[in-house]
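The values are calculated or read from the model by the stated rules, or taken from the named source; none is laboratory data. Note that this is a predicted model, so its numbers are computed, not measured. Glycine also receives a Cβ, built like all others from the backbone with ideal geometry; neighbour counts cover every protein chain displayed. For the accessible areas, the whole protein counts, side chains as well, though only heavy atoms, and no ligand, DNA or RNA atoms are used. Shrake-Rupley method; radii C 1.70, N 1.55, O 1.52, S 1.80 Å.
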Amino acid sequence: MEKSYWEKIAPIYETEIFDVLKNDKNGHIVKAIQSFANPKKSIIDIGCAVGKWLPVLSPLFKQVHAIDISAKNLAIAEQKYTALKNINYQRIDMSAKTVPDIQFDAAICINAILTADLKKRNLFFKHMASFLKPNADLVLVVPSLESKIFSHIIANKYNVDDAKNDTAPTGKKAIEQIRYIKDGVTDIDDVPTKHFLKEELELLLDLEGFNTKQIQKIEYDWSTEFHKAPSWLKNPKPWDWMVYAKKK
């Protein structure tokens, strides 16, 4: 997912992009943020998009720094949340070789590390760590590879959404998908999207100087995966991974 993709999607973001805040029915992410919130501290929202999390962050922190790769996303957020006076907006590409030398007491990053490009993901994790002071708090949410594979298994076994009629890729497309899946990349709405293993997250964060304190599932309804989810399909539900970590 490149800058051009997010600039194109910005005007229709609300209808096209999955709303994590709305679909976290148990409020686990908000509770995690509240656990370290402090009106004297600053927080950075990395990959803020159109600003869905800003009304959550603004009352809890002294200063909120909202960054995104898309200038259009930022413009929409700034126009929508004019009443929130403690927010700064800045366009930053987390996959660039260098980013501004700024640091904060905490960070959230909600389903923003999605690029299929390994080098860009490595830079994203590196820069995310650089934005945080020692002992800073981080809430990170990413798509789960385990959940994605589980959903595929369910779909194929029970022919959900006529999965058996799906056309298998051939030629270059098939080779590309094999290469991608080895790196945890699988499509969301035909866009190659990085999904993460639980153990992979622990390792990546440790290498960038974080102590992982908690990893848990953020569960969603099956309707978020299938157009016609069977009525008997209850638990386990599809999920994203949420990590709470602290900078060493």
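Structural remarks
- Counting only protein heavy atoms and a 1.4 Å probe, the chain has 53 square angstrom of accessible area per residue.
- Loop-resident sites, the stretch 127-184, for trypsin sites (Lys or Arg not before Pro), counting at most 11 other Cβ within 10 Å (DSSP): LYS182
- Shape class for the stretch 64-145: prolate, because the ratio a/c of the largest to smallest gyration tensor axis (alpha-carbon atoms, square roots of eigenvalues) is 1.5 or more and a/b beats b/c.
- Expected 222 nm ellipticity per residue - DSSP helices of 4 or more, -39500 (n - 2.57), all of the chain, to 500: -9500 deg cm²/dmol
- By the compact-protein rule of thumb, 2.2 N^0.38 Å, the alpha-carbon radius of gyration of the stretch 1-129 corresponds to a ratio of 1.01.
- Most mobile of LEU204, LEU233, LEU138 in a GNM of the chain (Cα contacts under 10 Å): LEU233
- Compactness of the chain as Cα Rg over 2.2 N^0.38 Å, two decimals: 1.02
- For the chain, carbon and sulfur atoms together expose 52% of the accessible surface, with a 1.4 angstrom probe and every protein chain in place.
- Pairs exceeding 22 Å between alpha-carbon atoms, taken from LYS148/LYS182; LYS213/LYS234; LYS119/LYS194; LYS126/LYS246: LYS213/LYS234.
- Within the stretch 13-118, trypsin sites (Lys or Arg not before Pro) in DSSP loop having at most 13 other beta-carbon neighbours inside 10 Å: LYS25, LYS85, LYS97
- Computed over the stretch 98-173, the quotient of the alpha carbon radius of gyration and 2.2 N^0.38 Å is 1.63.
- Long-range tail of P(r) for the stretch 105-248 (Cα pairs > 23 Å, %): 42
- For the stretch 6-94, the number of Lys pairs with C-alpha atoms closer than 20 Å, counting only pairs eight or more positions apart or on separate chains, is 23.
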